[in-house]
Amino acid sequence: MTENILQRNNVKISGRGTRNLMFAHGFGCDQNMWRFVAPAFEEDFRIILFDYVGSGGSDVGAYQPGRYSNLNGYAQDVLEICDALDLKDVIFVGHSVSCMIGALASIERPGLFTHLIQIVPSPCYINTPPDYIGGFERADIEGLLDLMDKNYLGWASFLAPVVMKNIDRPELVQELEESFCSIDPEISRRFAEATFYSDNRADLAKITVPSLIIQVLDDAIAPVSVGEFMHRAMPGSALRLMDATGHCPHMSHPRETIAIIRDYLDAV
Amino acid sequence: MDELLDQAPCGFLTVTDNGRLVEINTTLLDLLGYRREQLKDAQIKKLFSPAGNIFYQTHFFPLLKLQGKLEEVYLSLRREPGEEIPVLVNAVRRERQAAIFYDFVLVPVHHRNVYEDEILKAKKEAENANRSKGDFLSVVSHDLRTPLMAIFGWMEILKNKENDAELVKKAMKVIKRSAEAQRGLIEDVLDFARISSGKLQLETSRVDLAEIIGNAIELISSTADEKKIGLIQKLAPNVFVMGDSSRLQQVLWNLLSNAIKFTPNGGRVDIHLEQVGQTANIKVTDTGKGISADLLPYVFDRFKQGVNSKTGQYSGLGLGLAIARHLVELHGGTIRADSAGENKGAAITVALPAAD
């Protein structure tokens, strides 16, 4: 069972420390996105990296549409990975949608986590004016699903024949598969729906684990006001604004991201 | 930027690692409707539609950052004020003057976009049809087996010579009913196959609709009696159509049996026939479980039924209304379903060209 879970989520362990630092990737990518940040913590921490089912090197055969139709299914995966590794006192670092996934896991098992570090989180991506501006209208998300369909269609039609011709060259096939971080368009689509149609605002007050919210000044997906909304709603949270742009500061500004995480962990 | 690149027949831009635009060619400025000074030091997100922006941030940028190169990615730009422009993008990472830059080439794909939309739509329809066929086969195999099992079960009981007459009578009744049910299912499947392949031929003559409806009611009345469902008829006389009497009777039988199936014991089914101008209208109304708004547009699609027979409550292949629609359309008519919602009954109206 343990082995199955570790294989299912392509769990990778590294580092020489004893404190557990778990990195969870966001929608659209896989654990490789932590490549610029995670190594900086290897000296002092035990690093746990993984892929959600349907992403990266996970076991696509383990995908269950019902389980992963909302973020709770992904939160269960996080808990199962922690149990499979017998982890305690986990510091959970999530990017984007993983912030809420980690938060949901912590609500279910608050004793398992010591801290949540949330990089560009959002509890709800859809606007519900006048009280809340999540950044997008439902039509925008439908547009995203169309874009994904088209890209995955093109990619799948390209990949399938190449895979068939190069079945004896697994390294090439793997490289191609990694060129899009999920190998199954349907799973990606459902993950997008689970991510962007979720509304977890009511869960924020239930988060009791001390948390750091890292927001960037010019985030293309989650506006600063979302970070402020979360900070107000989450007891025991701290908010740090990074002078960065985009939605992946851990990739575009890794040094600053590392410094902020380190500062926070040193202080607590 | 040299003149060739500035005027190239494709968009070109360069961004820094944090998404700041440092170069953009005139072709792309013209395409987007911007003046160069409007985009000075702007973020690349300003160029994308909201959906394009999410895809860029969640897929494009992370992959470009990790791989250093991306090809043929579909994105959508935003032209002021709000018009979207589909583009295919190639991008590559370059190091210049000890800094990292990303160069993008963007090609508008208006026509290809329409074509791809059609392919995607067809792909989804094919996938849905395939899924429906799979569901259908699963239901067929289940539903054809159910009456057979009843027949075999009662035949085993009949082997015992000590059975009393009452039990034998009951066994024969169940066997007959099961065989009829199976014959009905097989006929539905065969009819549907004929309709799908265009091999169904009508034998037309001048048909008295009141007589056809009367025949269908006679066939179904025992089932209605068992459920204590009242069959209320209001049939105008002398309403004629040019049609195939056995096929029209099949339509009526399908509509009535459907109404009775989905109406609880003690309910009511009304059958109205009238002629309005050159149209003969037949309306079957029931007080049954109704049709939910989300199912209503699909009730005449093949293999659709309110409750899957595999799960229990209502048996059948979900072909009855699909066959009825095809037969009505073969007669040059139309069929329509109305319902105020679940548990609020339903009405099916058939309109046929009237004959003198």
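The values are calculated or read from the model by the stated rules, or taken from the named source; none is laboratory data. This one's a predicted model, so the numbers in the text were calculated from it and none came from an experiment. Please note: Cβ atoms are built from the backbone with ideal geometry, for glycine as well, and neighbour counts cover all protein chains shown. Each accessible area value is taken on the protein alone, full model and side chains, heavy atoms only, with ligands, DNA and RNA left out. Shrake-Rupley method; radii C 1.70, N 1.55, O 1.52, S 1.80 Å.
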Given unit charges at Cβ for Lys, Arg (+) and Asp, Glu (-), the dipole magnitude of chain B about its Cα centre in debye, nearest 20, is 980 debye
When every protein chain stays in place and a 1.4 Å probe is rolled, B:111, B:59 sorted by accessible area with the largest first are B:111, B:59
Using alpha-carbon positions, the gyration tensor of chain B gives root eigenvalues a ≥ b ≥ c; with a/c under 1.5 called rounded, otherwise prolate if a/b exceeds b/c, else oblate, the class is prolate
Note on chain A: C-alpha Rg/Rh, Kirkwood Rh, two decimals, gives 0.96
In whole percent, the Cα-Cα distances of segment A:45-129 spread across 5 Å bins from 0 upward as 3, 13, 24, 26, 19, 10, 3, 1, 0
Scoring chain A by relative contact order with C-alpha pairs under 8 Å, at least six apart, yields a percentage of 21 percent
For peptide B:66-76, the mean count of other chain Cβ atoms within 10 Å per residue Cβ is 4
Of the accessible area of segment B:5-75, computed with a 1.4 Å probe and all protein chains kept, carbon and sulfur make up a percent value of 48 percent
Highest mean packing first, using Cβ neighbours within 10 angstrom, the peptides B:245-253, B:259-267 sort as B:245-253, B:259-267
Shielding of B:116-128 by other chains, given as the mean Cβ count within 10 Å, works out to 1
Cα convex hull volume per residue for the protein assembly as shown, in Å³, equals 249 Å³
Segment A:65-102 and segment A:193-257 have their Cα centres apart by a whole-number Å value of 17 Å
Per-residue average of other protein chain Cβ atoms inside 10 Å, peptide A:140-147 -> 6
Per-residue ellipticity at 222 nm attributable to helices in chain B (runs of n ≥ 4 DSSP H, -39500 (n - 2.57) apiece, nearest 500 deg cm²/dmol) works out to -14500 deg cm²/dmol
Fraction of alpha-carbon pairs in segment B:45-94 farther than 15 Å apart, rounded to whole percent, equals 43 percent
Residue-normalised 222 nm signal for chain A, counting each DSSP H run of n ≥ 4 as -39,500 (n - 2.57), nearest 500 deg cm²/dmol, is -13000 deg cm²/dmol
Gyration tensor on Cα atoms of segment B:1-152, a ≥ b ≥ c root eigenvalues, a/c under 1.5 rounded, else prolate if a/b beats b/c, else oblate, says prolate
per DSSP, antiparallel bridges as share of beta bridges in the protein assembly as shown, % nearest 5, sits at 65 percent
Once Lys and Arg are counted +1 and Asp and Glu -1 for all other residues with Cβ under 15 Å from that of residue A:79, the total becomes -2
Once normalised by the length of chain B, the mean sequence separation of its alpha carbon contacts under 8 Å that are 6 or more apart gives a contact order in percent of 11 percent
Links exceeding 32 Å between C-alpha atoms in this model, out of A:12/B:133; A:150/B:46; B:133/B:234; A:150/B:65; A:150/B:45; B:199/B:283, come to A:12/B:133; B:133/B:234
Rounded to the nearest 100 Å², the accessible area hidden between A and B, summed over both chains at a 1.4 Å probe radius, is 2900 Å²
Expected sort for B:326-337, B:134-145 on mean C-beta neighbours within 10 Å, highest first, is B:326-337, B:134-145
Distance in nm between residue A:153 and residue B:107 label points, each 7 Å along Cα→Cβ, equals 1.8 nm
Using alpha-carbon positions, the gyration tensor of segment B:100-222 gives root eigenvalues a ≥ b ≥ c; with a/c under 1.5 called rounded, otherwise prolate if a/b exceeds b/c, else oblate, the class is oblate
Ordering A:120-127, A:109-116, A:10-17 by per-residue average of other C-beta atoms within 10 angstrom, highest first, gives A:120-127, A:109-116, A:10-17
Per residue, the convex hull enclosing the alpha carbons of segment B:99-148 has a volume in Å³ of 75 Å³
Once the in-chain neighbours fewer than 8 apart are removed, the lysines whose Cα is under 17 Å from residue B:289 read B:227, B:228, B:261, B:304, B:344
